[in-house]
Structures are given as structure tokens and as C-alpha cells.
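Engineer: Below are the C-alpha cells for one structure; questions will follow.
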Amino acid sequence: MTNPPTPMRIDFVSDVVCPWCAIGLASLLQALARLDGTVQADLHFQPFELNPQLGPEGQDISEHLQQKYGMTPAQFGESQETIRQRGAVLGFVFDMKARNRIWNTFDAHRLLHWAEQSVESGAGHPLELKRALQRAYFTDGENISDHEVLVRIARSVGLDEAGARAILASNEYAAAVREAERFWTGNGIQGVPAVIVNRKHLISGGQPVEVFEQALRQITAEK
């Protein structure tokens, strides 16, 4: 008799404009695919803002990283190439020429929260929305703080266009997103991606597929 798959809750704490979060998600999904049939993953996307202070105009990426981390132009170039290569291995395209600004992501997180809340009704699609937001920003270089862009992305993954517009035109889910952000930072999450399995096992950073796979297998064996 084949053993039933092991239920596993996975909270993926991340920001939409974090390249290592895109790498981490792609790695995690491939690791879960390798565990197909042994794990029943319940994946939840949790908000984290790297730059909550950014205004609607955003900021030039190289300028931003120089100010925030003290990166030199040479270090910036090396970092971007490392990210591009890591993405390519996973089948994720980072177009560094298209992506030249960083944007505020709070409204994107509100839409993700809405998608999470809508899962039980069959209208949620949070994973599809998360991946579409990442592609829009990292591959296509779009402004994912622009409401028209967000509405189009929501519609592309099957979410209700009118519902998305109504949320973005209001403060709906703002308090819930802030509360979730406080919860995770209050529990020690200071950098992303942070992958929390079954509310107690932490896997930090954009790890390779093999690292996620090994960790998930160990957690499954413990249960």
C-alpha cells in the first residue's frame, strides 16, 4: 500500500521586487516537484517590504543599491550577473536591461492577500499571481506599483478585474497586510526569502533546488 502524502504547510515570506525571492520560489517549486506524491504542500505567501518608504516614482536600481548597501558599479554589475545566471538555471528570465527601477510593493501585497483569502472559493490563484508579478517586474521590467499594470496582471491569472480595481482604489486589506508584516518581523524575520515549514522550520535565502529538497525530505522523515 502506498503511503498518503505528508501534509506540509509552507509560509513563503518575500517581496515582489526581491530577486532572491524569485530564485527561492522557483527552487522551492522544483524541489516540491521532485517530492511529488510524498508531500502535500499548502503554500502561503506572506508579505515583506524591502522598501516601504518608496514613493510612486520609484528609484533607479543602481542608485538604490548604492545608497542602501554601498555597492560600487562593479559590485552591482557582478551581483546582477550572478542573479541572471541563477535564474537561467531555474528557467526564470531576469532581464536586467528592462528592469532599471525599483518600486513600492504594498499594493501588490494587498492583491496577493486578496488572492490568498479567495482560495476557498476557487477564485484565488495566489501562486499564479505571485509568479505573474515576478515575471512582470524581473522579466518585462514593468512598474508593479502602477494600478493598471496590477489590474492587468490580476486579470491574466483569472482574478476578477472589477474586484482588483475596487481593492486598489480603496484601503482594503491594508490593515491585514500590515498586521502580517508585523507578525513575521516580530518573529525574527529580517531578511527574505524566508521559508517557514510547518510553522517551525526556517529555510533562509534563495537556496538551490537540492538544498530545499534535502530540507523538505528531512522534515517529512521527522513527521
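What follows is calculated from the coordinates using simple rules that are stated; it is not laboratory data. Note that the coordinates shown come from a computational prediction; the quantities given were computed from them, not determined experimentally. Cβ sites come from the backbone with ideal geometry, for glycine too, and all protein chains shown count toward neighbours.
Engineer: Looking at V93, V119 in this structure, which one is under 24 Å from L168 (Cβ atoms), in contact with a helix residue (DSSP H, G or I) (Cβ under 7 Å, 6 or more places away or on another chain) and surrounded by fewer than 18 Cβ atoms within 10 Å (Cβ to Cβ)? Break it down stepwise before answering.
Structural biologist: Values: V93 fails: under 24 Å from L168 (Cβ atoms).
After applying the criteria, what remains is V119.
Engineer: Follow-up question, since we're still on this one. Could you please let me know if A215 is in contact (Cβ under 8 Å) with a residue 12 or more places away in the chain, farther than 27 Å from P52 by Cα and touching a His at 6+ places or on another chain (Cβ under 9 Å)? Working first, answer last.
Structural biologist: Values: in contact (Cβ under 8 Å) with a residue 12 or more places away in the chain: yes; farther than 27 Å from P52 by Cα: yes; touching a His at 6+ places or on another chain (Cβ under 9 Å): yes.
In short, yes.
Engineer: Also, quick follow-up: Among the residues of segment 27-46, are any in contact with a Pro (Cβ under 9 Å, 6 or more places away or on another chain) and farther than 30 Å from N3 by Cβ?
Structural biologist: Looking for residues that are in contact with a Pro (Cβ under 9 Å, 6 or more places away or on another chain) and farther than 30 Å from N3 by Cβ, one finds none in segment 27-46, hence no.
Engineer: What residue, among those in segment 61-76 that are exposed (fewer than 15 other Cβ atoms within 10 Å of the Cβ) and either in contact (Cβ under 8 Å) with a residue 60 or more places away in the chain or out of contact with any helix residue (DSSP H, G or I) (no Cβ under 9 Å at 6 or more places or on another chain) (or both), is farthest from V17 (Cα to Cα)?
Structural biologist: A74
Engineer: When both residues are 6+ apart or on different chains and their Cβ atoms are under 8 Å apart, which pairs have a first residue that lies in segment 11-26 and is under 23 Å from N198 (Cβ atoms), and a second that is hydroxyl-bearing (S, T, Y) and assigned to a strand (DSSP E or B)?
Structural biologist: Between residues of segment 11-26 that are under 23 Å from N198 (Cβ atoms) and residues that are hydroxyl-bearing (S, T, Y) and assigned to a strand (DSSP E or B), the close pairs are C21/S14; G24/S14; L25/S14.
Engineer: Inspect all residues belonging to segment 120-128 and state whether any of them is farther than 18 Å from W103 by Cα, over 17 Å from the mean Cα position of the chain (by Cα) and in a loop (DSSP other than H, G, I, E, B). First the steps, then the outcome.
Structural biologist: Step one: list which residues in segment 120-128 are farther than 18 Å from W103 by Cα, which gives 120-128.
Subsequent filtering for residues that are over 17 Å from the mean Cα position of the chain (by Cα) retains 120-123.
Subsequent filtering for residues that are in a loop (DSSP other than H, G, I, E, B) retains 122-123.
Within segment 120-128 (the criterion being farther than 18 Å from W103 by Cα, over 17 Å from the mean Cα position of the chain (by Cα) and in a loop (DSSP other than H, G, I, E, B)), the answer is yes, since at least one residue qualifies.
To keep it simple, each residue is scored yes or no on (1) part of a helix (DSSP H, G or I); (2) over 16 Å from Q46 (Cα atoms); (3) touching an Asp or Glu at 6+ places or on another chain (Cβ under 8 Å).
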{"position": "S145", "(1), (2), (3)": "no, yes, yes"}
{"position": "V149", "(1), (2), (3)": "yes, yes, yes"}
{"position": "S170", "(1), (2), (3)": "no, yes, no"}
{"position": "V195", "(1), (2), (3)": "no, no, yes"}
{"position": "I219", "(1), (2), (3)": "yes, yes, no"}
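Engineer: While we're looking at this one, here's another question. G55 fails exactly one of the following numbered conditions: (1) over 25 Å from Q218 (Cβ atoms); (2) part of a strand (DSSP E or B). What is the number of that condition?
Structural biologist: Condition not satisfied by G55: (2).
Engineer: Right, here's the next one. Only one residue in A108, A176 is touching a Leu at 6+ places or on another chain (Cβ under 6 Å), in a helix (DSSP H, G or I) and either under 19 Å from V17 (Cα atoms) or in contact (Cβ under 8 Å) with a residue 12 or more places away in the chain (or both), so which one is that?
Structural biologist: Values: A176 fails: touching a Leu at 6+ places or on another chain (Cβ under 6 Å).
Every option except A108 fails the conditions.
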